[in-house]
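Chemist: Please see the structure below; I have some questions.
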Amino acid sequence: MPDPIEVRKVPLHHVSDASELTRLIDAGALDADSVIAIIGKTEGNGGVNDYTRILADRAFREALVAAGKRSAAEVAEVPIVWSGGTDGVISPHATVFATAASPQAEATPEPRLSVGFAMSEPLLPEDIGRTAMVTKVAAAVRSAMAEAGITDPSDVHYVQTKTPLLTIHTISDAKSRGHTVWTENTGESMDVSNGTAALGIAVALGEIDMPSDADIMHDRTLCSSVASCSSGVELDRAQVVVAGNVRGIGGRYRIGHAVMRDALDADGIWAAIRNAGLDLPDRPHPADLDGRLVNVFLKCEASQDGMVRGWRNAMLDDSDVHWHRQIKACVGGVAAAVTGDPAVFVSVSAAHQGPDGGGPVAAIVDLGPRG
C-alpha cells in the first residue's frame, strides 16, 4: 500500500528562491526527505532557451539537500517539473508533494491522493513525434501507476510529464546517425514533444488505441483528458508523475479532473473541483472554496480555427507575441478568477491534451478536518 500524501503550495519570491519550501520544512509541515515530486511555474519565456527552469530546479534541489539526509545524487532523482512562463496574472509558485507518515495521516476508507513516479527509456531525437516515443511514454505511465498503487485507469486524474525537445545539437546527432527528425524547428518541437507524450498517456490509460505516425499532431480527436505535458532541454527521457486516488491509504487530499471545452470554459474548472470532492452551489464563487483548494493544473491551446465561441481572434496570426503567451495569459486569468488565486498552474502547448482549443483540468482539494 502506498503512503498517504501531503501537498503544499509555495510562492517563489524570485526565480531562484526556495525559501518558502525551507520554511515549510523548518515548521515541520513536511520532511525534506519525504518530498517525492514538485510541479511549478517559473517566470521565464517558456521557450527553448528558458533557463529560469534550471535556476529554480537548482534552488529547490539544493534546499532539499541542505534540509535533509539525502545526498545530492539521491535528490537529483526527485521529479521536479517546471513549466516556464507566468504570463498575465499567473504567479510563480511550486506545488510540493511529500509522503506523510501513516500515523499522522487521517484514516479513511474514502479515495485519497496517491502519487507515483517513473522515468522512461531514453528518448532519441528521432523518437520525438513518432510512435517509438508513444510506446516509451506509455510504459513509463504504467510503471508510475503501479508505484502509486493505482490499478484502475479511471482512478488516474492527472499525469504530468516532462520530455526532451529538439535542439540544434540533438538534430545534428540524429542526422549523424542516419536518422531524420519530425521537425528542424526547435520551437515547434516543443509542441510535438508534448503532443506525442500525451498520446503515450492516452494509450497507457486506454483512452485511445495505438496511433500511427501519421496521426501524431494531425488527428486532434485523439487525446487524453488527464495529460499535462511539458518539454525542455533539461533531460533526455520522459519524466512521468501520475496522480490519482486510492482507497485505504488515508490522508487529507483528493484529486479530480474535468476538461475545459474552450479558453473561456470556467465551468470546466469548477467541474474538476467538484470531481475532486468539494460540494459547491450551482453558481459557485471563490469564497465557496473555503480555503480547501490546494491548486488547479490546466493545459491550454489556441484553437486551430482561430475562433472562440464563434468569434475570430488574432492569436495565430500575431507575429509580435507568440500565441503560446497569449492563450496562457487568457486561461490563467480565467483560472485565477475562478479560484480567487493567481498562483495557478497553467501550461500551454496542449496538442492531444483535451479537445482542440481547450484542455484538461486537475484539481487537488483538502478534505481534512478544519482546525
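Chemist: From zero outward in steps of 10 Å, how is the percent of C-alpha pairs of the range 255-326 spread across the bins?
Modeler: 17, 41, 24, 17, 1
Chemist: Calculate the length of the line joining the C-alpha centroid of the range 325-348 to that of the range 194-231, in whole Å.
Modeler: Going from one Cα centre to the other spans 24 Å.
Chemist: Turning to a different aspect of this structure: Considering only the other residues whose Cβ falls under 12 Å of the Cβ of SER225, what net charge follows from Lys and Arg at +1 and Asp and Glu at -1?
Modeler: +1
Chemist: Right, here's the next one. Taking a cut-off of 25 Å, what percent of all Cα-Cα pairs in the chain are separated by more than that?
Modeler: Result: 51 percent of Cα pairs exceed 25 Å.
Chemist: Also, quick follow-up: Under 1.5 on a/c is rounded, so check that first for the range 32-144, then, if it is not, pick prolate when a/b is larger than b/c and oblate when it is not; a ≥ b ≥ c are the square roots of the alpha carbon gyration tensor eigenvalues.
Modeler: oblate
Chemist: Skipping prolines and chain starts, which residues have an amide H placed within reach, meaning under 5 Å, of the one on VAL81, given they are 5 or more residues away or on another chain?
Modeler: ILE38, ILE39, GLY40
Chemist: Net charge near HIS93, counting Lys/Arg +1 and Asp/Glu -1 over other residues with Cβ under 12 Å of its Cβ?
Modeler: Its environment carries a net charge of -1.
Chemist: Take the chain, connect every pair of alpha-carbon atoms lying under 10 Å apart with a spring to form a Gaussian network, then pick out the residue of ARG254, ARG177, ARG23 with the largest mean-square fluctuation.
Modeler: ARG177
Chemist: May I ask you to give the solvent-accessible area per residue for the range 240-371, in square angstrom, as obtained with a 1.4 angstrom probe?
Modeler: So the range 240-371 comes to 41 Å² accessible per residue, rounded to a whole number.
Chemist: From the phi angles alone, apply the Karplus equation (6.51, -1.76, 1.60; θ = phi - 60°) to the range 53-62 and give each ³J(HN,Hα) in whole Hz, x where the residue is Gly or Pro.
Modeler: 5, 5, 5, 5, 4, 4, 4, 6, 5, 5
Chemist: Now a separate question. Roughly how many percent of the accessible protein surface of the chain is carbon and sulfur, given a 1.4 Å probe and a whole-percent answer?
Modeler: 50 percent
Chemist: If you don't mind, another one. When we measure straight from the Cα of LYS328, which lysines land under 27 angstrom away, once same-chain ones fewer than 8 places off are left out?
Modeler: Within the straight-line cut-off, LYS328 pairs with LYS9, LYS41, LYS162, LYS299.
Chemist: Still on this structure, please answer the following. Taking the Cα centre as origin and putting +1 on Lys and Arg beta-carbons and -1 on Asp and Glu beta-carbons, what dipole magnitude results for the chain, to the nearest 20 debye?
Modeler: 500 debye
Chemist: Now for a separate question. Please turn the phi angles of the range 11-20 into ³J(HN,Hα) values with the Karplus equation 6.51 cos²θ - 1.76 cosθ + 1.60 (θ = phi - 60°), one per residue in order, whole Hz, x for glycine and proline.
Modeler: x, 10, 7, 7, 5, 10, 9, 10, 5, 6
Chemist: Oh, and also: Once the other residues with Cβ under 15 Å from the Cβ of VAL334 are scored (Lys, Arg +1; Asp, Glu -1), what is the net sum?
Modeler: Taking every other residue near VAL334 into account, the sum is -2.
Chemist: Which values, in whole Å and largest first, are the semi-axes of the equivalent ellipsoid of the range 155-312 obtained as the square root of 5 times each eigenvalue of the Cα gyration tensor?
Modeler: Each semi-axis is √(5λ); the values are 33, 20, 14 Å.
Chemist: Could you order the peptides 263-272, 42-51 from most to least packed, using the average number of other C-beta atoms within 10 Å per residue?
Modeler: The packing order, highest mean first, is 263-272, 42-51.
Chemist: Near the amide H of ARG247, under 5 Å away, which other amide H atoms are found, from residues 5 or more places off or on another chain, if H is placed in the peptide plane?
Modeler: Distant-sequence amide H within range of ARG247: ARG112.
Chemist: What are the ³J(HN,Hα) values, in whole Hz, obtained from phi via the Karplus relation 6.51 cos²θ - 1.76 cosθ + 1.60 with θ = phi - 60°, for each residue of the range 271-286 in sequence order, with x given for Gly and Pro?
Modeler: 5, 5, 5, 4, 4, 6, x, 8, 7, 10, x, 4, 10, x, 10, x
Chemist: Evaluate the Debye formula for the range 33-93 with equal point scatterers sitting on the alpha carbons, no solvent, and hand back log10 of I(q)/I(0) at q = 0.16, 0.19, 0.20, 0.22 Å⁻¹, in q order, two decimals.
Modeler: Here the Debye-derived log intensity ratios amount to -0.52, -0.68, -0.74, -0.84.
Chemist: Starting from the coordinates of the alpha-carbon atoms of the range 267-371, obtain the Kirkwood hydrodynamic radius over all distinct pairs and give the value in Å to one decimal.
Modeler: 14.7 Å
The values are calculated or read from the model by the stated rules, or taken from the named source; none is laboratory data. These numbers were taken from a predicted model, which means no experiment stands behind them. As a convention, Cβ positions derive from the backbone with ideal geometry for all residues, glycine included, and neighbour counts pool all protein chains shown. Note: accessible area is taken over every heavy atom of the protein model, side chains too, but ligands, DNA and RNA are not part of it. Shrake-Rupley method; radii C 1.70, N 1.55, O 1.52, S 1.80 Å.
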